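Heads up: the structure comes next, in structure tokens.
The values are calculated or read from the model by the stated rules, or taken from the named source; none is laboratory data. Since we're looking at a predicted model, the values are computed, not measured. Here the Cβ positions follow ideal geometry from the backbone for every residue, glycine too, while neighbour counts run over all protein chains shown.
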Amino acid sequence: MRRIPATMATQHPDSATTYVPVQKEAEEAMKVLMPTKKGGFGIDEYMIDFEGKMTPYVQTSEVVVGLVSKGLIPGKDVFITPRIPSVSQETVFRQLMALMSIMEAYYRIHEESAEPSILEVIHPMSKSAQELIDTRKRILDVIDLTNREFNISVDRQVIHIIPLVEEVPELISIKKLLTEYLSGCKDLGLSDGPLRVMLGRSDAALDYGHLPSALTNKLAISDCYTYGSEYNVTVAPIMGAGSLPFRGHVTLENVDSLLNDFGGLKTVTIQSSLIYDCDRQSTVKLIKRISDDLQKTKPVIYSAEQRDEVLKLVGIFTKNYLKTFYLIIDSIKAMSDFFPNQRDRLARKGSIGYARDVPRPACLASCVRDKKLSRELRRLQVTDTLPDLPRAIKYTGALYSIGLPPEFIGTGRGLKEADDRGLLNVLLTEYYPGLRGDLNFSQQFLNLEVARDFMPYTAFKQVQQDVKYVFEYLALNEREQNVTYCTLMETIKPTLKQLISTGERMLIDEVTQMGLIESCILKLGTIRGALG
């Protein structure tokens, strides 16, 4: 069986210190994939990202040819894995262009290497097996076209799909998705494994909250292994996570908790903030630790009773998170629009852009056996009054930049309710013991005096309760706040408030306003180690 990469570098725009244009991304791939003894980071895999990005189709062959020139064989020594556009969110044309870029890479090096240079593609926002099967058919069509037009022989079965499952309802029902996809592959006469599955932390957290994201990722890992055992298929879960706790808490300081809480993972993403915003030596140590120990971890397989408890906890924390989320999202969305773009992304919504999903608590409600909780979740279903949601990196960064780390939202009230229901101890000792470490990190950037000016009174009172209960139930000791961080937040507060209000202009020039905001936002991100 092929080697499963332990670490995957991505092109996420979460670095606070470095803007990386598409012209520099091939060079970046060389840097992260080269062995440490040659000045690289020693990462196993690099994700070329076409989803919602202005990535030129030639980048795939640039990276593959560049690696060969440096003595690394793609598909054997290191791995290149494009994330292709989703047809439901972008267009068939953009997906086909991404797939054709892979065929060009095959053609460019077929005389130098007999190894297939690219073995998999990541399909984002996977919601149904049918969209995966349709994409697999397009892969077959593109391979047939390449073999005919370029007189080379690419194996029709060589490129597999990695479904990226990013939202709570889909994470909960991942076994159904995989089962139907397996059936569709067999109908096409295609092999079914090994199957890598990518589990997203960021969008699940944005739409449902910090703990629901973590807990449903753990459920999905369990279900992947259950599915693999039942169908005799090798399943290798990947966690798509960033460095801040809300987006996954992949850091050297938190690596023990990561390995303990998410046993069974085979690959973890190393996003841009770890490459550019952190000390290189620390990031190299993190990569080595993951490479050495990740494959040794064992998955927790949940019983039916445990699964019901976890889903009840997901419902409890989602309910409390969304009550505040709905009150603050307009302001946070407006604030996120002022955040700098650290990669060349498509517009959030437009003729060739797209917007992210919205919370669907009614879908979660159908999985929760507690009738009262299920009704409460259904009442929280709102779609027509929500703005186009920001991407998770900017949402996370915006909340951190006003003194409200999003890990706190709904968590304190959720802990109180979990305690009332007799679920607190099992949550903190069995289901997610890493919560203390997450909130202990986040608390150093908490400043309610700043945050209160950016939210309505009702939301602020809810957040006050969250903070109170978090410190009480997690027994946190207050950490000394970074003086520079607090000063920067206070500096941009009046300008930021004005910019997201009713549109009144300040006396200072608008360009000066935006320059001040962007500079301070990047400095805040540098201090906490990531833009978002």
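Do you know which residues across the range 285-312 are within 13 Å of Tyr225 (Cβ to Cβ) and of a type in the set (Val, Ile, Thr)? Give the steps one after another, and end with the answer.
The initial filter retains those residues of the range 285-312 that are within 13 Å of Tyr225 (Cβ to Cβ), namely 297-302.
Correct list: Thr297, Val300, Ile301.
Does Val87 satisfy the criteria of being in the same structural domain as Ser191 (by TED's automatic domain parsing), part of a loop (DSSP other than H, G, I, E, B), modelled with pLDDT under 95 and touching a helix residue (DSSP H, G or I) at 6+ places or on another chain (Cβ under 7 Å)? Working first, answer last.
On the way: in the same structural domain as Ser191 (by TED's automatic domain parsing): yes; part of a loop (DSSP other than H, G, I, E, B): yes; modelled with pLDDT under 95: yes; touching a helix residue (DSSP H, G or I) at 6+ places or on another chain (Cβ under 7 Å): yes.
When the stated conditions are applied, Val87 passes them.
Tallying residues that are of a type in the set (A, V, I, L, M, F, W, C) and in a helix (DSSP H, G or I) within the range 391-423 yields 7. Consider the range 142-165 and keep the residues that are touching a strand residue (DSSP E or B) at 6+ places or on another chain (Cβ under 9 Å) and without any contact (Cβ under 8 Å) to a residue 60 or more places away in the chain. The one that is nearest to Val314 (Cα to Cα) is Val165. Residue pairs whose Cβ atoms lie under 8 Å apart, sitting 6 or more positions apart in sequence or on different chains, and linking a residue in the range 344-371 that is assigned by TED's automatic domain parsing to the domain that holds Leu327 and assigned to a loop (DSSP other than H, G, I, E, B) to a partner that is of a type in the set (Phe, Trp, Tyr) and modelled with pLDDT under 95, are Leu346/Tyr354; Arg348/Tyr354.
May I ask you to say which residue of Asp438, Asp388, Asp384 is within 20 Å of the chain's Cα centre (by Cα) and either in a loop (DSSP other than H, G, I, E, B) or of a type in the set (Lys, Arg) (or both)?
Numbers: Asp438 fails: either in a loop (DSSP other than H, G, I, E, B) or of a type in the set (Lys, Arg) (or both); Asp384 fails: within 20 Å of the chain's Cα centre (by Cα).
Sole residue among the options that is within 20 Å of the chain's Cα centre (by Cα) and either in a loop (DSSP other than H, G, I, E, B) or of a type in the set (Lys, Arg) (or both): Asp388.
When the range 247-260 is filtered for residues that are over 14 Å from Ile287 (Cβ atoms), out of contact with any Lys or Arg (no Cβ under 8 Å at 6 or more places or on another chain) and not in a loop (DSSP other than H, G, I, E, B), the ones remaining, listed by number, are Asp256, Ser257, Asn260.
Quick check: is even one residue across the range 447-454 of a type in the set (Val, Ile, Thr) and either over 30 Å from Glu480 (Cβ atoms) or in contact with a Phe, Trp or Tyr (Cβ under 6 Å, 6 or more places away or on another chain) (or both)?
Step one: filter the range 447-454 for residues of a type in the set (Val, Ile, Thr), giving 450.
Restricting the remaining residues to those that are either over 30 Å from Glu480 (Cβ atoms) or in contact with a Phe, Trp or Tyr (Cβ under 6 Å, 6 or more places away or on another chain) (or both) gives none.
No, every residue in the range 447-454 fails to be of a type in the set (Val, Ile, Thr) and either over 30 Å from Glu480 (Cβ atoms) or in contact with a Phe, Trp or Tyr (Cβ under 6 Å, 6 or more places away or on another chain) (or both).
Looking only at the range 50-74, which residues are of a type in the set (Asp, Glu) and without any contact (Cβ under 8 Å) to a residue 60 or more places away in the chain? Of everything in the range 50-74, just one residue is of a type in the set (Asp, Glu) and without any contact (Cβ under 8 Å) to a residue 60 or more places away in the chain, namely Glu62. Considering every residue within the range 417-434, establish whether at least one is touching a Pro at 6+ places or on another chain (Cβ under 7 Å), within 21 Å of Arg201 (Cβ to Cβ) and either among the hydroxyl-bearing types (Ser, Thr, Tyr) or touching a residue at least 60 places away in the same chain (Cβ under 8 Å) (or both). No: zero hits.
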